[in-house]
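The next block holds one structure in the form of structure tokens; read it before the comments.
Please treat every number below as a calculation from the coordinates, not as lab data. Computed from a predicted model, the values in this text were never measured in an experiment. Cβ atoms come from the backbone with ideal geometry, glycine included; neighbour counts cover every protein chain shown.
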Amino acid sequence: MKTSAIRWLAAAAVLIASTGSVLAQELKIGYVNSERVLREAIPAKAAQTKLEAEFGKREKELTELAQRLKAAADKLEKDGPTLAPSEQQRRQRELVEQDRDIQRKRREFQEDLNQRRNEELAAVVERANRVIKQIFDSEKYDVILQEVVFASSKVDITDKVIRGLNTPAAPGAK
């Protein structure tokens, strides 16, 4: 019985000694909240403003088309009882065609907007990844994570990344 207790204590001592050396080699871990970067960084805000300027006119036109269609539908509903059946059917067909046309234009608009948004966000993400890599190298991190469930504020480097993105790039840098 004594020998098994001694063996157990010896095994525990070896385990504690090896754990101590692992703890002595502490990992440097960082965390970046990507969503916050894409919401708060100046390049991300600039991309959003650029998209609004690029697609604002088309969106306004679609809204006006939809309002005109609604006005025409309301007018048909109001005038319907006094119209000849053939005239009422003709107007209904026109409204259905106009509605289809607006829906098609809205789908095309949404596809174009999504494609451009993805392009703009990809450029911001690429630039953010370069900033993260610079922080990783200069501050000698062992790992930097972007998607986590919980992270302590001690490891959150999101503000550093945002500051890095908000700093104008040096001439000749990508």
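Exactly one condition in (1) free of Cβ contacts under 8 Å to residues at least 24 places away in the same chain; (2) within 30 Å of residue 32 (Cβ to Cβ); (3) among the aliphatic types (A, V, I, L, M) is false for residue 155; which is it? (1) is the only condition that residue 155 fails. Test residue 102 against the stated conditions and say whether it is out of contact with any Ser or Thr (no Cβ under 6 Å at 6 or more places or on another chain), surrounded by 13 or more Cβ atoms within 10 Å (Cβ to Cβ), more than 30 Å from residue 165 (Cβ to Cβ) and β-branched (Val, Ile, Thr). It is true that residue 102 is out of contact with any Ser or Thr (no Cβ under 6 Å at 6 or more places or on another chain), surrounded by 13 or more Cβ atoms within 10 Å (Cβ to Cβ), more than 30 Å from residue 165 (Cβ to Cβ) and β-branched (Val, Ile, Thr).
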